[in-house]
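The values are calculated or read from the model by the stated rules, or taken from the named source; none is laboratory data. This one's a predicted model, so the numbers in the text were calculated from it and none came from an experiment. Every residue, glycine among them, receives a Cβ derived from its backbone with ideal geometry; neighbour counts consider all protein chains shown. The area values use the complete protein model at the heavy-atom level, side chains included, leaving out ligands, DNA and RNA. Shrake-Rupley method; radii C 1.70, N 1.55, O 1.52, S 1.80 Å.
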Amino acid sequence: MKKIWSVQWHITTKCEQRCRHCYIFNSPEGKIEIEGEKRMTWSMLKRIADDIKNTSDNFEARCKVAVTGGDPLLHQNFWNLISYLKKLGIEVSIMGNPWLITNKVAKNLKMAGVNTFQLSIDGMRQVHDFWRKKGSFDQTIRAVKVLQKNGIRV
């Protein structure tokens, strides 16, 4: 069985939620990053993707990348990155938020080769919304249904 080289890649700190437990919003570095909008450029993303692929090849391992953030869908080069990772032969999953998941987005994710989208549930509605944002529980349940309807594991 081939080894797996698995990477969790935070491509942005942009996020529409302000979760109470989030390390991004509860660290001086995160606050500076958000205020400065110092997003990774397309050339930086490509260089990092190439490095990830080269490392997995050096280990003779299958490569899997979980793209996350903040909310990775908010990065201006998200779709280009997903396409580039697929071109490199890297398996891609997403760790994101429910707010931007529509039927169109889910279809585009599936067409781009994304088979898994991880969403968080911190408890039932009252507990979840306390930790995340009012309405987040219902948005998450809605997004789960949309993603599943489009053949994406959640």
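Of note:
- Helices assigned as whole DSSP H runs in the chain whose Cα atoms extend at least 20 Å along their own long axis and whose mean Kyte-Doolittle hydropathy is -1.0 or higher are found at 42-58.
- Taking 12 Å as the cut-off, the amide N atoms of region 101-119 that come nearer than this to a point 7 Å along the Cα-to-beta-carbon line of Ser83 belong to 112.
- Only Lys, Arg, Asp and Glu carry charge here, each on its Cβ (+1 for the first two, -1 for the last two); on that basis the chain has a dipole of about 540 debye about its Cα centre.
- For the residue pairs Lys107/Lys149; Lys2/Lys107; Lys53/Lys86; Lys86/Lys107; Lys107/Lys133; Lys3/Lys53, the alpha carbons lie more than 21 Å apart in Lys2/Lys107; Lys107/Lys133.
- Here region 79-147 is assigned +1 on the Cβ of each Lys and Arg and -1 on the Cβ of each Asp and Glu. Its dipole about the Cα centre then comes out at about 240 debye.
- Simple label model, 7 Å out from Cα along Cβ direction - Lys107 to Lys3, nm: 4.2
- Within region 36-108, trypsin sites (Lys or Arg not before Pro) in DSSP loop having at most 16 other beta-carbon neighbours inside 10 Å: Lys38
- Percent carbon-and-sulfur accessible area, the chain, ignoring ligands, DNA and RNA, probe 1.4 Å: 54
- Residues of the chain: accessible area per residue with a 1.4 Å probe, Å²: 58
- Candidates Ala112, Gly123, Gly96 compared by Cα position along the dipole of the chain: farthest toward the positive end lies Ala112, with charges placed on Cβ.
- Between Lys149 and Gln126, the FRET efficiency estimated from the beta carbon spacing at R0 = 30 angstrom works out to 0.65.
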